[in-house]
Amino acid sequence: MAFGPKYAEAVTAFNRFGLGARPGDLEAADHDPRGFLLEELWTANVALIRDSAPPSSLKAFEAYYLDQQQRVARMKATTAPTPPIQTSPTPATQAALSTTPTAAMARGASTPTSAKAEASVSQMATVAPPAAAAASGAFSEATTAKPGAPKPPSAEQILFRAEADARQRKQLHARVGFVERLVAFWSNHFAVSVAKSNELRVAAGPFEREAIRPNVLGKFSALLRAAESHPAMILYLDNQNSIGPDATPGKFAGKGLNENLAREILELHTLGVGSGYTQADVTELARILTGWSVAGPDSESGQPGEFLFKSNWHEPGARKLLGKTYAENGVDQGRAALDDLALQPATARHIATKLARHFVADNPPADLIEALTRKFLASEGDLAVVASTLVSDDLAWSVRPAKIRTPLEFVIAAARVTAFQPNDANLYLQSLNLLGMPLWQPGGPNGFSDMSDAWASAEGMKARLDLAAFMAQRMRTADPLATLNAGFGETASMETRQAVERAESREQALALLFMAPEFQRR
């Protein structure tokens, strides 16, 4: 294998900033690794999922609410003396679900892996079952299912798996994976959890596709607006129940102000802990955001599942946040407050620190944080410019590889370096669950940890060892030495190379490679 003068830097480019090299990637990048990263960064629409994209959040919610109505109808039918009620999805719902990658299975088409998928998923309760029911009639057919027949998957299960599959394919086929890493970073920064409700299981995937991906390389103010007003965030932090104390509905018993969204915006999404805001600022921002809600199936206005500003729930009057007064202006009062928060120096430093910690080191160089902070402020929060500054700074490349790959990075890197092409999202979902990073399911609004200690515990490494052996079985068609060279070239240590060469089987060699320090750390 012939390498150029910067192959070691190319390895760093793919491992520290990307999702791992595929066969041939190091040769393509080793003459200008930084330029290779920047080329992906500045590619138009690089973050968007366009091929076989799952349904929009509106179509997804339409399918979900229809499914809920039909379940109620079926329950009523079981207690009524009349024959079961026949119900069918609307044409819009049929069209929505038929666009998912699972639609072929859903329409009854056979696949050689469907039986295995059903068996493997049944062993893991936190993974939704595969989409084996008809998108064009699954819910109506369920009303007449025979006793003992397999229970058809729900709408939220079908939709969640379609989102997982689309995300996995995007990560596997990314040129470098730098932008996909940025998408994952910002999705975790603005964390929501599918564990909260079925509505969140429906909305989490569209949240990443509709709020994060279109804005991940734009202005932070646009990303902040999109994230905070998306139904997923509003439902996750209960802002749909927040009513101004002086608004007419707020004067009724049982209604009141909810500060969850406001608190997380200040503490997690913008300024950060210890930045000087007070409880009074949290309360004022919560009042500013009253009325930011989501249209439900019984709403008098708005399409179910879309952002809805309820003006009669909004706290009337001017509000004072961080010393600045915001005039009463309906929904625009909140937008103005978010725009100002996006450009605060404390926000710039908070974002710069998190980016440097995610990509470079648990304790990143202070000068790197300072450079990112200055660029954030000078560019008015242009995230592509900030990302470009990150990969152009020597400090980001010179730190010793000490960070442990997150479960997501580990699983995707193994598939990329072996050129493994999964038929579905089963392995992806199961692996993330096993390693403690279930898809869109962090333990709280602060998201998954970016510190290596969170993933390097004895229990966590034992789980990685088990998964490495399992993945080696699934990916055993790959040649171990060729895989080693594809991912690390001459940067692989003599110990790792000898361990791979002396392994008793191809599967053992791949498992040893997956657990090697070069593979685990970036």
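The values are calculated or read from the model by the stated rules, or taken from the named source; none is laboratory data. Being a predicted model, the structure only gives us computed values, none of them experimental. Cβ placement follows ideal geometry from the backbone for every residue including glycine, while neighbour counts extend to all protein chains displayed. These area figures cover heavy atoms from the full protein model, side chains too; ligands, DNA and RNA do not enter into them. Shrake-Rupley method; radii C 1.70, N 1.55, O 1.52, S 1.80 Å.
Working from the alpha-carbon coordinates of the stretch 326-406, get Rg over Rh, Rh being the Kirkwood radius. Intermediate values should be presented prior to the final figure.
Working: Rg = 15.3 Å, Rh = 13.8 Å.
Rg/Rh for the stretch 326-406 comes to 1.11.
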Q.
For residue 403, give me every one of the lysines with a C-alpha distance below 19 angstrom, ignoring sequence neighbours fewer than eight places off in its own chain.
A. 354, 462
**Q.** Tail weight of P(r) past 26 Å, computed on alpha-carbon pairs of the stretch 395-522, percent
**A.** 22
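Say the cut-off is 30 Å between C-alpha atoms; which of 324/375; 6/375; 76/310; 196/320 go over it?
Values: 324/375 25 Å; 6/375 27 Å; 76/310 34 Å; 196/320 32 Å.
Checking Cα-Cα distances, 76/310; 196/320 exceed 30 Å.
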Q) When the convex hull of the C-alpha atoms of the stretch 260-339 is computed, what volume per residue in Å³ does it have? A) 95
(Q) Please list, ordered by chain and number, the residues whose modelled amide H lies under 5 Å from the amide H of residue 382; skip anything fewer than 5 residues away on the same chain. (A) 220
Q | Value of Rg to Rh for the stretch 251-304 (Rh from inverse mean 1/r over Cα pairs, i.e. Kirkwood) | A | 1.10
Q: Quick one: plug the Kirkwood hydrodynamic radius of the stretch 219-269 (C-alpha pairs) into Stokes-Einstein at 4 °C, 1.567 mPa s, and report D in µm²/s.
A: 109
Q | Net charge, residue 363 excluded, C-beta distance under 11 Å - Lys, Arg +1, Asp, Glu -1 | A | +1
Q) What's the percent breakdown of Cα-Cα distances in the stretch 231-381 across 5 Å bins, shortest bin first? A) 2, 10, 16, 19, 17, 13, 10, 7, 4, 2, 0
**Q.** Qualifying GluC sites (Glu not before Pro) for the stretch 433-504 [loop in DSSP, other Cβ within 10 Å: at most 15]
**A.** 504
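Ranked by accessible surface with a 1.4 Å probe, highest first, in what order do 466, 25 come?
466, 25
So, R0 is 51 Å and r is the distance between the beta-carbons of residue 198 and residue 367; what FRET efficiency does that work out to, to 0.05?
Details: r = 47 Å, r/R0 = 0.92.
Efficiency computed from Cβ-Cβ geometry: 0.60.
Within the stretch 228-290, list the chymotrypsin sites (Phe, Trp or Tyr not before Pro) lying in a DSSP loop whose Cβ has at most 14 other Cβ atoms in a 10 Å radius. If you can, show how the numbers build up before the last one.
Values: sites: 236, 252, 277; in loops: 252, 277.
Within the stretch 228-290, the qualifying chymotrypsin sites (Phe, Trp or Tyr not before Pro) (loop, at most 14 other Cβ atoms within 10 Å) are 252.
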Q) How large, in Å, is the stretch 451-519 by the Kirkwood hydrodynamic radius built from its alpha-carbon pairs? A) 12.4
Q) Going by the alpha-carbon gyration tensor, a ≥ b ≥ c the square roots of its eigenvalues, is the stretch 398-442 rounded (a/c under 1.5) or, if a/c is not under 1.5, prolate (a/b greater than b/c) versus oblate? A) oblate
Q: Under 12 Å from the Cβ of residue 271, count the other residues' Cβ atoms, weight Lys and Arg +1, Asp and Glu -1, and hand me the total.
A: -2
(Q) To the nearest 20 Debye, how big is the dipole of the stretch 335-425 about its Cα centre, given +1 on the beta carbon of each Lys and Arg and -1 on that of each Asp and Glu? (A) 260
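Classify the stretch 211-297 from the C-alpha gyration tensor, please: rounded if a/c falls under 1.5, else prolate or oblate depending on whether a/b exceeds b/c. Intermediate results must be reported in sequence, preceding the final value.
Working: a/c = 2.71, a/b = 1.33, b/c = 2.04.
Note, shape of the stretch 211-297 comes out oblate.
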Q: Taking each pair of different alpha-carbon atoms in the stretch 155-291 once, compute 1/r for the pair, average those values, and report the inverse of that mean as the Kirkwood hydrodynamic radius in Å to one decimal.
A: 16.3
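Give the whole-number value, in cubic angstrom per residue, of the convex hull volume spanned by the C-alpha atoms of the stretch 312-361. Mind showing how you got there, number by number?
On the way: hull volume 4.5 nm³, N = 50.
Enclosed volume per residue, from the Cα hull, is 90 Å³.
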**Q.** Distance-filtered residues of the stretch 162-187 - backbone nitrogen under 15 Å, label point 7 angstrom along residue 357 Cα→Cβ
**A.** 185-186
Q. Each residue of the stretch 20-31 in order: what ³J(HN,Hα) in whole Hz does its phi give by Karplus 6.51 cos²θ - 1.76 cosθ + 1.60, θ = phi - 60°, with x for Gly and Pro?
A. x, 7, 9, x, x, 5, 5, 4, 6, 9, 6, 7
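Grab the other residues whose beta carbon is less than 10 angstrom from that of residue 486, score K and R as +1, D and E as -1, and report the net.
Working: positive: 22, 416; negative: 25, 27, 479.
So the surrounding residues net to -1.
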